[in-house]
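The values are calculated or read from the model by the stated rules, or taken from the named source; none is laboratory data. As the structure is a computational prediction, the values presented were derived from the model and not from experiment. Every residue, glycine as well, gets a Cβ built from its backbone with ideal geometry; the counts of neighbours run over all protein chains shown. Just the protein is used for accessible areas: all its heavy atoms, side chains included, with ligands, DNA and RNA removed. Shrake-Rupley method; radii C 1.70, N 1.55, O 1.52, S 1.80 Å.
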Amino acid sequence: MPRHPPIVRTVKDLRAQVAKWRQAGETVALVPTMGAIHAGHLSLIGIAKAQANRVVVSIFVNPTQFGPREDFKTYPRDEAADIETLGEAGAQLIYVPSVEDMYPPGSATRVSVPDLTEDLCGAARPQHFQGVATVVTTLLLQCAPDIVLFGEKDYQQLLMIKRLVRDLSIPVRVVSGPTLREGDGLALSSRNAYLSPDQRKIAPLLYRVISAIAADLAEGSGADDAALAGRLKLEAEGFRVDYVAVRDAETLVPLSGPLKGRARVLAAVNLGATRLIDNVPAVPRSKTKGN
Ligand code: AMP
């Protein structure tokens, strides 16, 4: 018996396997990834296993979500290592489609969710979320899973996908998983591999700074002041800051003044050529005490 789970590379083969499971009355979870599998991806597989009988992991480095000057060509790819790791983690099917399967010749249809994607990461990466929305919609139509898993690490993406699933009545439940971190707090990311040793040393400050903002907000600090203080701290440490923002946790509407409800602190920075993003929840103290 092969150590790794079956790999399918076409929509036809994916659908044939999923149909067999369905006939047997089994439920199916999909975990979409771009490969370069790390423990953050594996934690989503763990959640998927607990909520469905079968787990499909897709690996597809999606060209349409990269800008012309971004890292599509150099994005880390190691299919053999990924497949081995995914097998050990309990994935039961790996879907590795070709670009032609995802974007047939002449493909022109794009999905976008303007409301949630125009600012934050959408401002610096204009086509990014449209690329993600399009590829996720395609994967959902190809696989037709009962549940689909996404990480809170990409919080704006998570909210966008919840919205598109709702808006288009896609029959799938979106399940999110918490951000997995290194011991020093740095959120796991395939792009961490780009960091030089010196950059890697300061990278965990991003999490420390946004956590400090969340703590200040809990104490009653105003959202604008807390975000600005965080930005200045990051700049002083050598980060090029794209944004540090305090937003409503559901709508991503900008907040100012002391928090009244659930919020999210989100930040994107550059260390050299590497873009890092992270986010944490923030709640006013009255809510954390449950009164
Ligand atoms: P990616 O391969 O980077 O496109 O990520 C695939 C999925 O894994 C997305 O739903 C991400 O949000 C999620 N993910 C990435 N990093 C982490 C992490 N550190 N913890 C939990 N989930 C993550």
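Tabulated data for the structure shown
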{"item": "Any hit, segment 21-41, residues being part of a helix (DSSP H, G or I) and surrounded by 22 or more Cβ atoms within 10 Å (Cβ to Cβ)", "result": "yes"}
{"item": "Qualifying residue in segment 130-143 (condition: within 17 Å of the chain's Cα centre (by Cα) and more than 19 Å from Asp167 (Cβ to Cβ))", "result": "no"}
{"item": "Test result for Leu276, open to solvent by less than 30 Å² (accessible area, probe 1.4 Å) and not in a strand (DSSP E or B)", "result": "no"}
{"item": "Test for Arg77: is it of a type outside the set (S, T, N, Q) and under 19 Å from the mean Cα position of the chain (by Cα)", "result": "yes"}
{"item": "Members of segment 178-210 found to be small (Gly, Ala, Ser), open to solvent by 20 Å² or more (accessible area, probe 1.4 Å) and out of contact with any helix residue (DSSP H, G or I) (no Cβ under 8 Å at 6 or more places or on another chain), listed by number", "result": "Gly183, Ala193, Ser196"}
{"item": "Test set (1) more than 11 Å from the ligand (Cβ to nearest atom); (2) modelled with pLDDT of 95 or more - Ser43 fails condition number", "result": "(1)"}
{"item": "Test result for Asn270, surrounded by 21 or more Cβ atoms within 10 Å (Cβ to Cβ), polar (S, T, N, Q), under 25 Å from Arg69 (Cβ atoms) and in contact with an Asp or Glu (Cβ under 9 Å, 6 or more places away or on another chain)", "result": "no"}
{"item": "Failed condition for Val18, given (1) in contact with a strand residue (DSSP E or B) (Cβ under 9 Å, 6 or more places away or on another chain); (2) in a helix (DSSP H, G or I); (3) under 27 Å from Tyr194 (Cβ atoms)", "result": "(3)"}
{"item": "When residues of segment 161-177 are limited to those that are open to solvent by 60 Å² or more (accessible area, probe 1.4 Å) and either farther than 19 Å from Ile277 by Cβ or not in a helix (DSSP H, G or I) (or both), the one farthest from the ligand (Cβ to nearest atom)", "result": "Ser169"}
